[in-house]
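Written out below as structure tokens is the structure these notes cover.
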């Protein structure tokens, strides 16, 4: 799975780390640590549907199913981890900064619950790096660039990749030296399996700042 939510704490740092964590997960949503679920049948069609939506990056659709599964099966680690990440991903779609902050704090709290159940995955450790109060960093000191990037991120999380790409392009027009904008355009193409264009934009990001490792 391509990079789905790249700025839990600071922009860009999580891009390919999260991509790697999600790609390494098994179809059951486990990776490097979470214990097998004992409380939910792996043949449960609702569970499978929720995890399929989650792995497809459709967090908004997955969330109500995951919420119900966590309520019905509180010891299902994979489901709880998926819910935490979905909440953090969906937070990018919220326009109100306070609502985003509250959502991020809640996502982290659920991730902490998963850890207490025995989850030690790499992805979980990333989620626990979110400040406890849910605060977030800005993409840019320039308000118009930061707003353009956040709007594009929201479209990326919703799965509207064409709008996301247009948003990142707009941010790059406002600031041609915006490393994240170029990098995230590459992410969009990567998500769409247009690998040639993805490599081209990752190369553009490297040209902007060859000292940052994320695009390499």
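Name the pairs whose Cβ atoms lie under 7 Å apart, with the first residue in region 148-162 and more than 13 Å from residue 90 (Cα to Cα), the second surrounded by fewer than 20 Cβ atoms within 10 Å (Cβ to Cβ), and 6 or more positions between them or separate chains?
148/170; 148/174; 149/140; 161/192
Taking helices (runs of 4 or more DSSP H) that fall entirely within region 77-129, which contain at least 1 residues that are in contact with a helix residue (DSSP H, G or I) (Cβ under 8 Å, 6 or more places away or on another chain), buried (at least 20 other Cβ atoms within 10 Å of the Cβ) and without any contact (Cβ under 8 Å) to a residue 60 or more places away in the chain?
Correct list: 77-91, 97-116.
Say we look at region 51-76 and pick out the residues that are in a loop (DSSP other than H, G, I, E, B) and farther than 17 Å from residue 157 by Cβ; which of these is nearest to the chain's Cα centre (by Cα)? Outline the logic, then answer.
Going residue by residue through region 51-76, those that are in a loop (DSSP other than H, G, I, E, B) are 56-58, 73-76.
Checking the rest, the ones that are also farther than 17 Å from residue 157 by Cβ come to 73-76.
Working: 73: 24, 74: 23, 75: 23, 76: 21 Å.
Checked region 51-76; the qualifying residue nearest to the chain's Cα centre (by Cα) is 76.
Name the residue, out of 53, 65, that is in contact with a helix residue (DSSP H, G or I) (Cβ under 8 Å, 6 or more places away or on another chain), without any contact (Cβ under 8 Å) to a residue 24 or more places away in the chain and surrounded by 21 or more Cβ atoms within 10 Å (Cβ to Cβ).
Checking each option against the conditions leaves just 65.
Answer yes or no as to whether residue 164 is modelled with pLDDT under 95 and within 22 Å of residue 148 (Cα to Cα).
yes
Whether any residue in region 27-36 is modelled with pLDDT under 95, loosely packed, with under 14 Cβ neighbours inside 10 Å and part of a helix (DSSP H, G or I) is what I want to check.
Within region 27-36, none of the residues are modelled with pLDDT under 95, loosely packed, with under 14 Cβ neighbours inside 10 Å and part of a helix (DSSP H, G or I).
Can you confirm whether region 182-193 contains a residue that is in a loop (DSSP other than H, G, I, E, B), surrounded by 14 or more Cβ atoms within 10 Å (Cβ to Cβ) and assigned by TED's automatic domain parsing to the domain that holds residue 148?
Yes - at least one qualifying residue is present in region 182-193.
I need a count of the residues in region 170-193 that are farther than 16 Å from residue 141 by Cβ and within 20 Å of the chain's Cα centre (by Cα).
Total meeting the criteria: 12.
What are the residues in region 137-168 that are outside any helix (DSSP H, G or I) and farther than 24 Å from residue 192 by Cβ, if any?
Once the filter is applied, which keeps residues that are outside any helix (DSSP H, G or I) and farther than 24 Å from residue 192 by Cβ, region 137-168 yields 137, 138, 140, 141, 142.
The values are calculated or read from the model by the stated rules, or taken from the named source; none is laboratory data. These numbers were taken from a predicted model, which means no experiment stands behind them. Note that we place each Cβ from the backbone using ideal geometry, even for glycine, and neighbour counts take in every protein chain shown.
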